[in-house]
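Student: My questions all concern the structure below.
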Amino acid sequence: GGTSSPCGTLPTNVIHVTADDDLYDVLTAAPGGSVILLAPGNYTPPIRDWTLPDDGGTWPSQALLIDVTLAGSGEGRTTLTMTGDPYGAVGLSTYGSATIRDLTIAGREFWGVSCVNPENVTLCNVTVETYGNDAITWNPWPGRALSSLTVYESTLRNLGSQQSGVGVDLYCYEEGGDIRADIQKSHISGWLSGVSYTLSTQESCTISVSTDCEGFTDNESNVLRAMCDPPTCDAQEECP
């Protein structure tokens, strides 16, 4: 990564986890700001109902990161196999702020990473592989004034037999505030759209995407921005 990496180095006071540990127990007990370091191995936690902060109810997921850093021992050395299920439960989710780094996320039946009510979410040195399902989905909630996504030195790959899904799918709602995405030094391949976002004249929120436009391969469109003046939308390719 070098000195320009937004991740920096891990502190020494981390919570060490092996594939034999219960990731649910670790994550639900970890205080905000914790760093959970996964040893090499394959992790396939079961789907559980996770309690959201501020009486937000529950969220079905295999792992939910709330204001913590989840770090592996390197891409391909630490793998989270996220099977999800076809009925709405997802694999790996974040809530609020979270950092994911130095690991592989193998999405099987659902999204790779679902960002719920996101504030600041960062992926560094992460490989996300799915079979046609979106690698990263952005799900802002009303009242969030500003949210940001950083993807650095990471790989988002569709392993399906044809171009489908979206590498980074950004949504903006009327009360969703401003969304900023910064995608640098990453490889995004095999998607219908590498990055997709939509702006509308009827919405007060905004989305901005900053990328070096490098590393996009085998996508029908690399960065696709749709400008909508209902009922019509005009799509524009930003990284041809």
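Student: Name the single residue, out of those in region 27-56 being open to solvent by 30 Å² or more (accessible area, probe 1.4 Å) and assigned to a helix (DSSP H, G or I), that is nearest to V126 (Cα to Cα).
Tutor: In this case the residue turns out to be T28.
Student: Could you check region 155-207 and list, in sequence order, the residues that are open to solvent by 30 Å² or more (accessible area, probe 1.4 Å), over 28 Å from E75 (Cα atoms) and either in a strand (DSSP E or B) or touching a helix residue (DSSP H, G or I) at 6+ places or on another chain (Cβ under 8 Å) (or both)?
Tutor: Once the filter is applied, which keeps residues that are open to solvent by 30 Å² or more (accessible area, probe 1.4 Å), over 28 Å from E75 (Cα atoms) and either in a strand (DSSP E or B) or touching a helix residue (DSSP H, G or I) at 6+ places or on another chain (Cβ under 8 Å) (or both), region 155-207 yields D178, T198, L199, T206.
Student: What do you reckon, is T94 open to solvent by 70 Å² or more (accessible area, probe 1.4 Å), without any contact (Cβ under 8 Å) to a residue 40 or more places away in the chain and hydroxyl-bearing (S, T, Y)? Working first, answer last.
Tutor: Numbers: open to solvent by 70 Å² or more (accessible area, probe 1.4 Å): no; without any contact (Cβ under 8 Å) to a residue 40 or more places away in the chain: yes; hydroxyl-bearing (S, T, Y): yes.
For T94, the condition - open to solvent by 70 Å² or more (accessible area, probe 1.4 Å), without any contact (Cβ under 8 Å) to a residue 40 or more places away in the chain and hydroxyl-bearing (S, T, Y) - is not met.
Results for (1) farther than 21 Å from T122 by Cα; (2) touching a Ser or Thr at 6+ places or on another chain (Cβ under 9 Å); (3) modelled with pLDDT under 95, shown as yes or no for each residue.
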site: E174; (1), (2), (3): yes, yes, yes
site: A181; (1), (2), (3): no, yes, no
site: S186; (1), (2), (3): no, yes, no
site: L199; (1), (2), (3): yes, yes, yes
site: Q202; (1), (2), (3): yes, no, yes
site: V209; (1), (2), (3): no, no, no
site: E214; (1), (2), (3): no, yes, yes
site: N219; (1), (2), (3): yes, yes, no
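Student: Residue under question is Y197, and the condition is that it be under 19 Å from the mean Cα position of the chain (by Cα) and more than 24 Å from G107 (Cα to Cα); does it hold? Talk me through it step by step, then tell me what you get.
Tutor: Details: under 19 Å from the mean Cα position of the chain (by Cα): yes; more than 24 Å from G107 (Cα to Cα): no.
Taking the combined requirement at face value, the residue does not satisfy it.
Student: Only residues that are assigned to a strand (DSSP E or B), open to solvent by 20 Å² or more (accessible area, probe 1.4 Å) and more than 19 Å from G165 (Cα to Cα): list them for region 208-240, please.
Tutor: Once the filter is applied, which keeps residues that are assigned to a strand (DSSP E or B), open to solvent by 20 Å² or more (accessible area, probe 1.4 Å) and more than 19 Å from G165 (Cα to Cα), region 208-240 yields S208, S210, T211, M227, D229, T232, C233, D234.
Student: Sticking with this one: Among the strands (runs of 3 or more DSSP E) confined wholly to region 104-154, which include 2 or more residues that are open to solvent by less than 30 Å² (accessible area, probe 1.4 Å) and not hydrophobic (A, V, I, L, M, F, W, C)?
Tutor: Details: elements: 113-130, 136-139, 146-152.
Counting at least 2 such residues, we get 113-130, 146-152.
The values are calculated or read from the model by the stated rules, or taken from the named source; none is laboratory data. Since the structure is predicted, the reported quantities are computational estimates derived from the model, not experimental observations. Glycine gets a Cβ as well: all are built from the backbone with ideal geometry, and neighbour counts include every protein chain shown. When the accessible area is computed, the model is the full protein with side chains, heavy atoms only, and any ligands, DNA or RNA have been set aside. Shrake-Rupley method; radii C 1.70, N 1.55, O 1.52, S 1.80 Å.
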